[in-house]
Amino acid sequence: MTTIMKAKEAADQVYASIRARVEELRMNGLAPSMATILVEGDPASAYYAQAKQRIADKLGVAFSLHSFEPNVEEKEILELISRLNKDSSVHGIMLELPLPKHLSASTIEKAISPLKDVDGVTPDNKLATVTGAEGLYPATPQACIRLAKHFGHTLAGKNVTLVGRGQTVGLPLFHLLQRENATVTVCHSRTPDIAKHLQHAEIAFVAVGRPNVVTPDMVHEGLVIIDAGINEVEGGKIVGDVSAEVSSHVAGISPVPGGVGTLTTAILYENLLKAIDLQCKELDSEKDSGPVSWDSSIHLFLQQAGSSNPTPGGGSVAALIAALGASMTSMVGNLTKGEKFASIQQQVAGVIRTMNHLTEQCEELLHADIRSFNQYMDALKLPKRTDEEKLLRSEAIQKAAIRAIEVPLRLMEICRTGMSSTYSIAETSNKNVISDLGIGAILFEAAAQSALLTIEINLGSLKDQEMKQQYEDKVRLLSGEIGELKSKALVVVRGRI
């Protein structure tokens, strides 16, 4: 007889544990708080956000829902995330997907602090999922494994077939299964005969995002299936990736709904408690070591940058230089006031707002550079005794290299934006401080060139030649645009001195 692996009991156990911990934290003066970002327009996203809020209320977790109109500009969401990252009373941040086409989920996810990323979607946490380092792992892959174990199915030594290798579920689940010591076969769109691999499997995890991927003729009566799919079909019915008829042909199967998704929501709040632990740990570490901080004095920063400690390094210094460039342009804007400049006040106000936002981003990148360096070092230290360990180490190094490229690449994009705004007011801003605007342009380019060096150092570690070429093309374009803008700005500045 088939066991229908409903997740309610497992989820209730997780919730009971969370409630006890939340009560303990509140007694010690800490009120766990979750923030969810929702861009309106997708009814399912709104439903899930409201469902999470109801659960938060039952758990005693403070919950804030930040809703935006469908036509929201990306920078508005990034500004909110920046505030939430800095707000010590907020411990977890979730972004509801999908987003409207004009918004980049990748860009927005990257802006979330890894210590508050309860969905496990930031590059830092994706890398941690691969390496097994401390971090916040994605909830759905965790739920898949937890549900199997709840029903007594151990994974060590088992033949496991994973159908699906997507970034959200399949790929992170593969790495988690590896660390459970399962023998994993991964099937995907290029696999010619998925049924053959299911016939040899003891446990199967299916995470494709398409109904009827697995049908009765593909399975055997001893197979246990965890279905992580959620699909809406005609009539609004929710189904998984596995055909409903499969349930009578296997030993066990998780239902949809009522299976993985039910446990996933519970684990999101479990991740919130882990996020609190990580934030407290970092706070304790900062008290002990006196880390780099945006609030540090210039003297202290220079002392730390000049020490034998590899961080803060060139990337952090470049972020500070870019922020100084933004401050110069902002100062010129703030001194371009009065009736004489009435016709350009709106433009100048926009430039000042842009500079303030860029400064906030530079602060985030200063810390992101330090984290990316540490992650690269952690990847290099991974064991390489067996072929499996060598493979995991190689994957971790590649992901760390990508992260070490992405951070300075974002800084170059900031410098281009800053340079463009600086040039836009070169002809019309207050002539008495025009030299400071030129200094701002020089600082933006210096920061961009520093970031470029960091990118070039890490490009050599990439094995994917197509990806490497894409980065090289993007960097070349950015560098050219920044250089051209700086030259134009300085021509105007020198002409007005």
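The values are calculated or read from the model by the stated rules, or taken from the named source; none is laboratory data. Note that the coordinates shown come from a computational prediction; the quantities given were computed from them, not determined experimentally. Glycine gets a Cβ as well: all are built from the backbone with ideal geometry, and neighbour counts include every protein chain shown.
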Verdict on Pro312 being part of a loop (DSSP other than H, G, I, E, B), of a type outside the set (D, E, K, R), outside the structural domain of Arg179 (by TED's automatic domain parsing) and surrounded by fewer than 22 Cβ atoms within 10 Å (Cβ to Cβ)
no
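Residue by residue, here is whether (1) modelled with pLDDT under 95; (2) not hydroxyl-bearing (Ser, Thr, Tyr); (3) not assigned by TED's automatic domain parsing to the domain that holds Leu358 holds:
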residue: Leu443; (1), (2), (3): no, yes, no
residue: Thr454; (1), (2), (3): yes, no, no
residue: Leu459; (1), (2), (3): yes, yes, no
residue: Lys463; (1), (2), (3): yes, yes, no
residue: Glu466; (1), (2), (3): yes, yes, no
Kindly check whether there is at least one residue in the stretch 33-42 that is closer than 23 Å to Ala266 by Cβ, crowded, with 17+ Cβ neighbours inside 10 Å and of a type in the set (Gly, Ala, Ser).
yes
Within the stretch 149-198, the count of residues that are touching a residue at least 60 places away in the same chain (Cβ under 8 Å) and β-branched (Val, Ile, Thr) comes to 1
Pair list, Cβ < 7 Å and 6+ apart or interchain, from the stretch 209-224 residues that are assigned by TED's automatic domain parsing to the domain that holds Val246 to residues that are hydroxyl-bearing (Ser, Thr, Tyr)
Asn212/Ser243; Val214/Ser243; Thr215/Ser243; Pro216/Ser243
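Against the condition at pLDDT 95 or above, surrounded by fewer than 18 Cβ atoms within 10 Å (Cβ to Cβ) and on the phi < 0 side of the Ramachandran plot, how does Lys196 come out, does it pass?
Criteria met by Lys196.
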Note on the stretch 95-140: residues among the polar types (S, T, N, Q) and assigned to a helix (DSSP H, G or I) are Ser106, Thr107, Asn125, Thr129, Thr131, Thr140
Can you go through Glu96, Glu79, Glu109 and tell me which one is in contact (Cβ under 8 Å) with a residue 40 or more places away in the chain, closer than 23 Å to Leu365 by Cα and crowded, with 16+ Cβ neighbours inside 10 Å?
Glu79
Check whether at least one residue in the stretch 377-391 is closer than 20 Å to Lys110 by Cβ, in contact (Cβ under 8 Å) with a residue 60 or more places away in the chain and either in a loop (DSSP other than H, G, I, E, B) or not β-branched (Val, Ile, Thr) (or both), and report yes or no.
yes
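Considering the stretch 253-286 alone, what residues qualify as being aliphatic (A, V, I, L, M) and farther than 27 Å from His220 by Cα?
Within the stretch 253-286, Ala266, Ile267, Leu268, Leu272, Leu273, Ala275, Ile276, Leu278, Leu283 qualify.
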Among residues of the stretch 338-379 being of a type in the set (S, T, N, Q) and surrounded by fewer than 19 Cβ atoms within 10 Å (Cβ to Cβ), the residue farthest from Pro310 (Cα to Cα) is Ser343
Note on the stretch 216-239: residues assigned to a loop (DSSP other than H, G, I, E, B) and at pLDDT below 95 are Gly229, Ile230, Val233, Glu234, Gly235, Gly236, Lys237
Only one of (1) free of Cβ contacts under 8 Å to residues at least 60 places away in the same chain; (2) in a helix (DSSP H, G or I); (3) surrounded by fewer than 14 Cβ atoms within 10 Å (Cβ to Cβ) fails for Glu9. Which number is that?
(1)
Identify all residues within the stretch 9-48 that are closer than 30 Å to Glu69 by Cα, polar (S, T, N, Q) and at pLDDT 95 or above; write none if there are none.
Ser33, Thr36
Looking at the stretch 442-497, which of its residues are charged (D, E, K, R), surrounded by fewer than 18 Cβ atoms within 10 Å (Cβ to Cβ) and in a helix (DSSP H, G or I)?
Glu456, Glu466, Lys468, Glu472, Asp473, Lys474, Arg476, Glu481, Glu484, Lys488, Arg494, Arg496
